[in-house]
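Below: one structure, written as structure tokens.
The values are calculated or read from the model by the stated rules, or taken from the named source; none is laboratory data. Quantities reported herein were computed from a predicted structural model and do not represent experimental measurements. Heads up, the Cβs are rebuilt from the backbone with ideal geometry, glycines too, and the neighbour counts pull from every protein chain shown.
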Amino acid sequence: MKRLVIGLIIVLTGVNLSFAQDAAIEQEIKDLSKAKWQWMADKNVDKLASLFHDKSKFVHMSGSWKKDRELEIIKSGSIWYKNAEVHDVAVEVFGDYTAVLWNRITLTAHVRGNDVSNEFTVTEFYKKEGNDWKLLDLTFSSVRDTHSIEH
């Protein structure tokens, strides 16, 4: 009986630690995504270059491309991500090294000489490399303002 009780305590402690670890990773990814939106608004390509994985992909309404082109677009201001008003965020953690984040946002951007505002759900894939999280993919999906993310 004593072994059974000790075994249950160990199992439950492990489950609690796993949930706590996932919650900590979820918060870390949320914070990183929030910082990314600010770096994009500030056109801080140095911070973004460090965050974006060398093989990262970016999917927009007008096309898809890789890291170097995304950084050039941000640096040149051909798309200036002026403000991402985040309405909702959900994160799923897969093991210790992969996370997917969904943001429902209203994006105000300066594109081709005009300020535009669009509703998006943005999907971001992150992978842990060493001590750093790297953004693998950022995909904009145009949605209605009534769209919700299932948690």
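Odds and ends about this structure:
- Close pairs (9 angstrom Cβ cut-off, 6 or more residues apart or separate chains): surrounded by fewer than 14 Cβ atoms within 10 Å (Cβ to Cβ) in region 127-143, not in a strand (DSSP E or B) anywhere: E129/Y97; D132/S50; D132/L51; S142/M61
- Filter result for L107 (surrounded by 16 or more Cβ atoms within 10 Å (Cβ to Cβ), free of Cβ contacts under 8 Å to residues at least 60 places away in the same chain and within 16 Å of the chain's Cα centre (by Cα)): yes
- Test: residue in region 68-87 that is modelled with pLDDT of 95 or more and under 18 Å from E28 (Cβ atoms): yes
- Flag if K55 is exposed (fewer than 14 other Cβ atoms within 10 Å of the Cβ) and assigned to a strand (DSSP E or B): yes
- If you check D88, D68 for being out of contact with any His (no Cβ under 9 Å at 6 or more places or on another chain), at negative phi and exposed (fewer than 14 other Cβ atoms within 10 Å of the Cβ), only one passes: D68.
- Failed item in (1) assigned to a strand (DSSP E or B); (2) under 20 Å from F125 (Cα atoms), with L71 passing the rest: (1)
- For D96, the requirement of being modelled with pLDDT under 95, under 17 Å from the mean Cα position of the chain (by Cα) and of a type in the set (D, E) is met.
- Test: residue in region 35-45 that is touching a residue at least 12 places away in the same chain (Cβ under 8 Å), part of a strand (DSSP E or B), under 16 Å from L138 (Cβ atoms) and under 17 Å from the mean Cα position of the chain (by Cα): no
- Taken over region 124-144, the criterion of being within 15 Å of E85 (Cα to Cα) and either at pLDDT 95 or above or in contact with a Cys (Cβ under 8 Å, 6 or more places away or on another chain) (or both) is satisfied by F140 alone.
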